[in-house]
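Reviewing the structure listed below.
Read-outs throughout are calculated quantities, based only on the coordinates presented, and are distinct from any laboratory measurement. In this text the structure is predicted, and so the values were computed from the model without any measurement. All Cβ positions, glycine included, derive from the backbone under ideal geometry; neighbour counts span all protein chains shown.
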Amino acid sequence: MPLEVCALSPEKMELREYEVPKVGTGQMKVQSLYAAAKHGTELSGIKGDSAKRGPYDPELQVFPNTGKGRSSRTGNMFIGTVISEGVDRFAEGDVVLSYGPFREVHVISTERCWKVPEGFSWKSAVCLDPADFAMCAIRDGQVRVGDAVAVFGMGAIGLMVVQIAKLSGAYPIIAVDPLENRQKVAQICGADLILDPTTCDAGVEIKKATGNRGVDVAIDYSANVHALQAAIRGVAFGGNVVAGAAPAPYGPGLDLGAEAHYNRPNLIFSRSCSDPNRKYPRWDEKRVYATCWRLLTEGKLTGEPIVTPIVAFADLVAEYPKITSNPEQNIKLGAYFK
């Protein structure tokens with residue numbers, strides 16, 4: 001039987017056998033070649049601190065706050081070879097990208113699936129998500145040519161935000177993160193200035209770097225309360241602060257007086273997967289994906305420096321817990337299958 005990686009806790013993983021379901025109408029079977037994790041989303045689910053606070057009430061559009069969503073799922077996107085026959089839109093032997101956990105064989109819908117061009121980097125392909133969230137953060141934040149932009153949190157989404165801000169003509173792009181490995185990749189991705197928030201007052205330094213004006217748009221993907229506070233301090237009068245991360249409930253540290261009242265920034269919550277989009281019907285999730293996929297396959301966005309480390313599938317059991325214990329050694333964990 002094939003194997004998958006499941007989380008018993010953030011610190012402990014195991015390989016489990018699983019039964020491959022039968023291929024139904026509109027589905028196909030895919031043998032995994034490569035895959036990657038989505039650190040923040042997966043760990044929050046494993047810890048029970050995901051954005052969901054119990055089951056969502058679609059009529060009231062609220063969470064009852066009666067429980068925590070907990071998950072054992074690890075892995076987010078994968079690339080594999082189609083191994084089933086008679087598949088609409090795809091042929092046996094095609095290499096495709098789709099959503100799915102770290103497992104050897106998948107049965108997936110043919111709808112949410114992308115054919116991977118020959119020679120295209122798998123590391124860039126698995127960065128379609130985070131690119132979709134980064135794209136929406138840039139669009140929701142209304143980043144325009146010439147805008148100064150600060151990005152907090154140089155995880156995979158934040159690094160994609162830096163790249164898309166660069167494509168949008170933003171300047172300067174200020175990346176804020178305490179980890180040296182992520183600072184280096186932020187520079188590769190196009191950041192003009194790197195700030196370590198543990199050694200400076202990031203909000204003040206952002207003001208100084210922009211002639212005391214502040215950035216037009218500050219985007220937070222760190223899920224850290226102090227980063228959101230620094231974003232509020234560092235944004236210009238009437239500028240936009242984009243809360244892209246979906247954090248656990250914040251503890252003390254967020255001050256919505258002071259600069260928040262005096263400088264009156266707009267606080268915008270951004271998601272790529274909550275249709276209707278703010279620009280619906282012209283924009284929806286399908287168009288966001290199509291735009292990101294085009295930019296990736298044209299080489300205008302890249303996941304090459306982002307997917308690190310890369311290990312064999314069987315080694316994920318030992319490597320995955322290091323996302324928490326050794327964040328200075330990873331950005332977006334990738335895996336290859338034999």
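Derived value for the stretch 139-269: Kirkwood hydrodynamic radius 14.1 Å. Basis is the mean of 1/r over every pair of different alpha-carbon atoms.
In degrees from 0 to 90, rounded to the nearest 10, what is the angle of the helix 156-167 Cα long axis to the longest principal axis of the chain? That works out to roughly 60 degrees. In this model, which of 47/300; 115/322; 12/286; 12/38; 38/322 are farther than 24 Å apart at the alpha-carbon? Result: 47/300; 115/322; 12/286 exceed 24 Å.
Once both labels are positioned 7 Å from their Cα atoms along Cα-to-Cβ, the gap between residue 181 and residue 280 label points is 3.9 nm.
Length gained on full extension, residue 145 to residue 110, computed as 0.36 nm times the residue gap minus the Cα-Cα distance: 8.9 nm. Give the Debye-formula value of log10 I(q)/I(0) at each listed q (0.06, 0.09, 0.12 Å⁻¹), with one equal scatterer per alpha carbon of the chain, two decimals each. The Cα Debye sum returns log10 ratios of -0.21, -0.49, -0.87. What the Cα atoms of the stretch 80-122 give is an Rg and a Dmax of 10.1, 27 Å. One chain, two ends: residue 287 and residue 120. Fully extended at 0.36 nm per residue, the span grows by 58.0 nm beyond their Cα-Cα distance. Of the peptides 237-246, 321-330, 199-208, 254-263, the order by per-residue mean of other Cβ atoms within 10 Å, starting with the highest, comes out as 237-246, 199-208, 321-330, 254-263. Approximating the spin labels as points 7 Å out from Cα along Cα→Cβ, the residue 47-to-residue 258 distance works out to 2.3 nm. With the simple spin-label model, which puts each label point 7 Å out from Cα in the Cβ direction, the residue 322 to residue 204 separation comes to 3.7 nm.
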